[in-house]
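The values are calculated or read from the model by the stated rules, or taken from the named source; none is laboratory data. The shown structure was predicted, so the numbers you read here are calculated from the model rather than taken from an experiment. Note that each Cβ is placed from the backbone with ideal geometry, even for glycine, and that neighbours are counted across all protein chains shown. Side chains included, ligands, DNA and RNA excluded: accessible areas come from the protein's heavy atoms. Shrake-Rupley method; radii C 1.70, N 1.55, O 1.52, S 1.80 Å.
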Amino acid sequence: MKSNDELINELISLAFSEDVGDGDVTTLSTIPADAKGKQKLMIKEEGILSGVNIARMVFEKFDPSMKMTVFIEDGSHVKPGDVAFEVEGSVRSLLQTERTMLNIMQRMSGIATVTAKYQEKLKGLKTKVLDTRKTTPGMRVLEKEAVKTGGGANHRMGLHDMILIKDNHVDFAGGITKAVEAAKNYCKETGRNLKIEVEVRNTDEIKEALAAGVDRIMLDNFTPERTREAVKLINGVTEIESSGGITLETLRDYGECGVDFISVGALTHSVKGLDMSFKADLINK
């Protein structure tokens, strides 16, 4: 299994391949090789900053001689006119890394900003907002990092680090009991210590999941009223997650039912990037 840093390194390499290719012909043809300069990341929209550490990786990977000075750290509230950081070095390097860095920073900051809004709705409650696997292919590690920056929590990274038995698994396996037993046997046989979560659709399935001994129960498309009943029935025996069509407007209603987590695909699948720009300030022309 690759580490997060390895996945990010591969992502940056792919980004350079698709954007820079064998060289930015505009920059190479118009900017002298020895030109030095400075650029500043200017914030143009209020939100939560995320991706500063990834931006550093972008610059260092392309040209280790570039010097980055950070003024605002990840997780900070930013407003128009703020300067998050500045980078000094080869103008050619600055121009060739600009779009890759901005794409990442804008996307991550947009996700962090939305996540913060959702988590703020749950202020005073124990409930944490969770992300899902509804992420941009190849960018999951960055998008989930942005969720954490915004104050949310990560669900599983992928299909490999947690057992989540959903309705289709239950139906194909012949019921919750059989599915959970098979999952436990799999963990025992493979020597893997994995949490087991089961998605339930009704009270009978909740009772079956409790009897099977799972770590978390996901209440799928329950109303707030049904959720309150489910929380009372589960009575703290397992963690509880609400999921399915929950919006910013209805989030608090579910949190007040006493669930531990609320998963929201909208944190990552349809987020607008935070507006920002990378402005030039040449030292030597």
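Distance check, please: which entries in Lys121/Lys195; Lys126/Lys232; Lys2/Lys123; Lys128/Lys166 exceed 25 angstrom between their Cα atoms?
As for pairs spanning more than 25 Å Cα to Cα, those are Lys121/Lys195; Lys2/Lys123.
Give me the one-decimal nm value for the distance between modelled label points at Asp204 and Glu73, 7 Å along each residue's Cα-to-Cβ direction.
Placing both labels 7 Å beyond Cα along the Cβ direction yields 5.4 nm.
Please get the size of the charge dipole for the stretch 136-285, origin at its Cα centre, with Cβ charges of +1 on Lys and Arg and -1 on Asp and Glu, quoted in debye to the nearest 20.
520
Please give the contour-minus-distance gain from Lys279 to Thr250: 0.36 nm per residue of separation, less the Cα-Cα distance, rounded to one decimal in nm.
Between Lys279 and Thr250, full extension yields an extra 6.4 nm.
Bin width 10 Å, origin at 0, all Cα-Cα pairs of the stretch 82-131: what percent of pairs per bin?
The calculated distribution, bin by bin, is 20, 35, 22, 16, 7.
Leaving out same-chain residues fewer than 8 places away, which lysines sit with a Cα under 20 Å from that of Lys67?
Those lysines meeting the cut-off are Lys36, Lys38, Lys40, Lys279, Lys285.
When the Cα centres of the stretch 104-144 and the stretch 8-44 are compared, how far apart do they sit, in Å?
Taking the Cα centre of the stretch 8-44 as reference, the centre of the stretch 104-144 is 28 Å away.
For the stretch 164-285, just the Cα set please: Rg and Dmax, both in angstrom.
Radius of gyration, then largest Cα-Cα span, for the stretch 164-285: 20.1, 73 Å.
Within straight cross-link reach of Lys184, meaning Cα distance under 20 Å, which aspartates and glutamates are found once same-chain residues fewer than 8 apart are removed?
Output for Lys184: Asp161, Asp167, Asp171, Glu197, Glu199, Glu205, Glu208, Asp215, Glu239.
For the stretch 97-214, restrict the atom set to alpha-carbon positions and state the Rg and Dmax in Å.
Spelled out, the Cα radius of gyration and Dmax of the stretch 97-214 are 17.8, 55 Å.
What accessible area per residue comes out for the stretch 1-152, rounded to a whole number of Å², with a 1.4 Å probe?
Here the per-residue accessible area is 48 Å².
Cut-off 13 Å, label point 7 angstrom out along Cα-to-Cβ of Val83: give me the residues of the stretch 24-64 whose amide nitrogen falls inside.
Under cut-off, by backbone N: 38-43.
So, with +1 on the Cβ of K and R and -1 on the Cβ of D and E, and no other charges, what is the size of the charge dipole of the chain about its Cα centre, to the nearest 20 debye?
Charge dipole of the chain: 320 debye, to the nearest 20.
Given the stretch 13-64 reduced to its alpha-carbon atoms as identical point scatterers, what log10 I(q)/I(0) does the Debye formula return at q = 0.14, 0.21, 0.32 Å⁻¹?
After summing over all Cα pairs, the log10 values are -0.55, -1.08, -1.22.
What's the extension gain from Ser3 to Asp171 if we count 0.36 nm per residue and subtract their Cα-Cα distance?
This chain segment gains 57.1 nm when fully extended.
Over the alpha-carbon set of the stretch 168-226, divide Rg by the Kirkwood Rh and report the Rg/Rh ratio to two decimals.
We get a ratio of 1.00 for the stretch 168-226.
Calculate one ³J(HN,Hα) per residue across the stretch 169-185 by plugging θ = phi - 60° into the Karplus curve 6.51 cos²θ - 1.76 cosθ + 1.60, and present them in order as whole Hz with x for glycine and proline.
4, 4, 5, 5, 7, x, x, 5, 4, 5, 5, 5, 4, 5, 5, 5, 5
Please list 3J(HN,Hα) in residue order for the stretch 189-204, calculated via the Karplus relation 6.51 cos²θ - 1.76 cosθ + 1.60 where θ = phi - 60°; whole Hz, with x for glycine and proline.
5, 9, x, 9, 9, 10, 5, 10, 10, 10, 8, 10, 10, 7, 4, 4
Could you work out how far helix 140-149 tilts from the main Cα principal axis of the chain, as a 0 to 90 degree angle to the nearest 10?
Approximately 80 degrees, to the nearest 10.
Mind checking the per residue accessible area of the stretch 160-262 for me, 1.4 Å probe, whole number of Å²?
In whole numbers, the stretch 160-262 has 52 Å² accessible per residue.
Working from Cα positions, state the angle (0 to 90°, nearest 10) between the long axis of helix 224-234 and the longest principal axis of the chain.
That works out to roughly 70 degrees.
Give the distance, in whole Å, between the Cα centre of the stretch 194-263 and the Cα centre of the stretch 152-181.
14
Along the stretch 40-50, what does the Karplus equation 6.51 cos²θ - 1.76 cosθ + 1.60 (θ = phi - 60°) give for ³J(HN,Hα), rounded to whole Hz, x for Gly and Pro?
With the stated coefficients, the stretch 40-50 comes to 10, 7, 9, 7, 10, 8, 5, x, 10, 7, 8 Hz.
Please label the shape of the stretch 1-114 as rounded, prolate or oblate, based on the square roots a ≥ b ≥ c of the eigenvalues of the alpha-carbon gyration tensor (a/c under 1.5 means rounded; beyond that, a/b larger than b/c means prolate, else oblate).
Verdict is oblate for the stretch 1-114.
For the chain, which whole percent of the accessible surface, found with a 1.4 angstrom probe, sits on carbon and sulfur atoms?
49
With equal scatterers on the alpha carbons only and no solvent term, can you work out the Debye log10 of I(q)/I(0) for the stretch 89-166 at 0.11, 0.14, 0.16, 0.27 1/Å?
Treating every Cα as an identical point scatterer, log10 I(q)/I(0) equals -0.38, -0.56, -0.68, -1.21.
Based on the alpha-carbon gyration tensor of the chain and its eigenvalue square roots a ≥ b ≥ c, which shape applies: rounded if a/c is under 1.5, prolate if not and a/b is larger than b/c, or oblate?
In terms of gyration-tensor shape, prolate.
Restrict the search to the stretch 1-67; then list the GluC sites (Glu not before Pro) that DSSP places in a loop and that have at most 15 other Cβ atoms within 10 Å of their Cβ.
Glu46
With axes computed from alpha carbons, what is the tilt in degrees of helix 4-19 against the longest principal axis of the chain, rounded to the nearest 10 within 0 to 90?
For helix 4-19, the angle is close to 50 degrees.
Under 19 Å Cα-Cα from Lys272, which lysines qualify once same-chain neighbours fewer than 8 residues away are excluded?
Straight-distance partners of Lys272: Lys44, Lys79, Lys117, Lys134, Lys144, Lys148.
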